[in-house]
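Down below is the structure, laid out as structure tokens.
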Amino acid sequence: MSLPKTLAEDVARNLVMVARLIDEDPEEAYAYSRIALRLASRVAAVREAAGFAAYATQKYAEALAEFRAARRMTGSVELWPVMADCERGLGRPERAMAMAGEPEVQKLDKAGQVEMRLVAAGARRDMGQIDAAIVTLQSPELASNSIQPWTPRLRYAYADALLEAGREDEAREWFGKALEADKDGSTDASDRLAELDGVEFVDALGDDEDETVDAPEAAPGDAADQDERGDEPGKD
């Protein structure tokens with residue numbers, strides 16, 4: 001759907017802000033997505049952005065509705081894994097598992113199929129089926145020595161499932177493999193390894209240093225010359 005130039009520019013500005021803020025301030029990103037949605041609810045990219053903003057703020061029912069709308073508009077299966085994960089967020093892991101077995105999964109690209117595998121394993125864990133979750137994650141992508149964008153998360157999920165199953169030595173090995181692949185720090189594999197090795201992180205500041213230190217007394221008139229600053233928007 002095409003939009004008038006001025007309206008298209010307004011929508012684009014809001015979508016840019018959604019993309020810019022969704023990781024660091026999801027609530028603010030969500031607010032921008034609602035503006036874009038009011039301006040252009042019949043544009044698939046707007047519905048998709050609104051879905052991801054709702055997903056980032058754990059509004060799973062709303063996210064699922066937006067993803068479904070975007071899918072109806074485009075016919076794409078790309079959003080299938082995140083739609084299934086919304087079902088998990090709504091406490092319906094059995095629906096996520098059903099989606100993992102649908103023909104749409106075979107139409108996903110490799111990254112999408114790996115994402116679907118992660119969602120399915122998470123659904124198994126939600127249902128208390130930890131051994132089945134481990135088996136779900138076992139795949140050529142997990143065994144491969146090739147580092148792909150999904151490799152750190154896949155290895156991390158496998159390590160985490162192994163740890164829940166009480167297989168600590170194997171979990172340590174796979175947390176290590178996740179760390180090797182995680183060049184961007186997208187997981188906390190290093191912290192998990194440290195925990196397994198009994199390393200404790202202690203606050204370097206003592207109690208006395210945490211106390212507020214009184215500021216020097218201001219000279220007469222100094223306070224009146226200072227500009228007041230408002231609070232910045234809070235982060236989740």
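Residues are listed down the side, and each one gets a yes or a no for (1) among the β-branched types (V, I, T); (2) closer than 25 Å to A132 by Cα; (3) modelled with pLDDT of 65 or more:
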site	(1), (2), (3)
E164	no, yes, yes
R167	no, yes, yes
G176	no, yes, yes
K183	no, no, yes
D191	no, no, yes
E195	no, no, yes
D214	no, no, no
G221	no, no, no
G234	no, no, no
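When you look at E141, is it closer than 14 Å to R117 by Cα, in contact (Cβ under 8 Å) with a residue 24 or more places away in the chain and not aromatic (F, W, Y), yes or no? The answer is yes for E141. Determine which member of the set V105, V114, V135, V119 is within 26 Å of R167 (Cα to Cα) and more than 18 Å from the chain's Cα centre (by Cα). V135 is the lone residue from the list that is within 26 Å of R167 (Cα to Cα) and more than 18 Å from the chain's Cα centre (by Cα).
For A171, state whether it is modelled with pLDDT of 95 or more, within 20 Å of the chain's Cα centre (by Cα), crowded, with 16+ Cβ neighbours inside 10 Å and under 15 Å from A121 (Cβ atoms). No: the conditions fail for A171. Number of residues in region 1-55 that are within 14 Å of M73 (Cβ to Cβ), surrounded by fewer than 18 Cβ atoms within 10 Å (Cβ to Cβ), out of contact with any Leu (no Cβ under 9 Å at 6 or more places or on another chain) and among the aliphatic types (A, V, I, L, M): the value is 2. If you go through region 191-200 and keep only what is surrounded by 14 or more Cβ atoms within 10 Å (Cβ to Cβ) and more than 15 Å from E164 (Cα to Cα), you end up with just A194. The residue list A111, A96 contains one member that is under 18 Å from R125 (Cβ atoms) and either among the aliphatic types (A, V, I, L, M) or at pLDDT below 95 (or both), which is A96. Taking region 35-46 as the range and being under 14 Å from A65 (Cα atoms) and either in contact (Cβ under 8 Å) with a residue 60 or more places away in the chain or among the charged types (D, E, K, R) (or both) as the test, only R42 passes. Applying the condition of being of a type in the set (A, V, I, L, M), assigned to a helix (DSSP H, G or I) and out of contact with any Gly (no Cβ under 8 Å at 6 or more places or on another chain) to region 138-161 and asking which residue is surrounded by the fewest Cβ atoms within 10 Å (Cβ to Cβ) yields A143.
In summary, M1 fulfils each of the numbered conditions (1) more than 22 Å from E115 (Cα to Cα); (2) at pLDDT 95 or above with the single exception of condition (2). Looking at region 45-137, the helices (runs of 4 or more DSSP H) lying wholly inside it that each contain 2 or more residues that are over 25 Å from Y156 (Cβ atoms) and out of contact with any Cys (no Cβ under 8 Å at 6 or more places or on another chain) sit at 60-74.
The values are calculated or read from the model by the stated rules, or taken from the named source; none is laboratory data. Treat the numbers as computed from the prediction; the structure is a model and nothing was measured. When we count neighbours, we look across all protein chains shown, and the Cβ atoms used for this are built from the backbone with ideal geometry, even at glycine.
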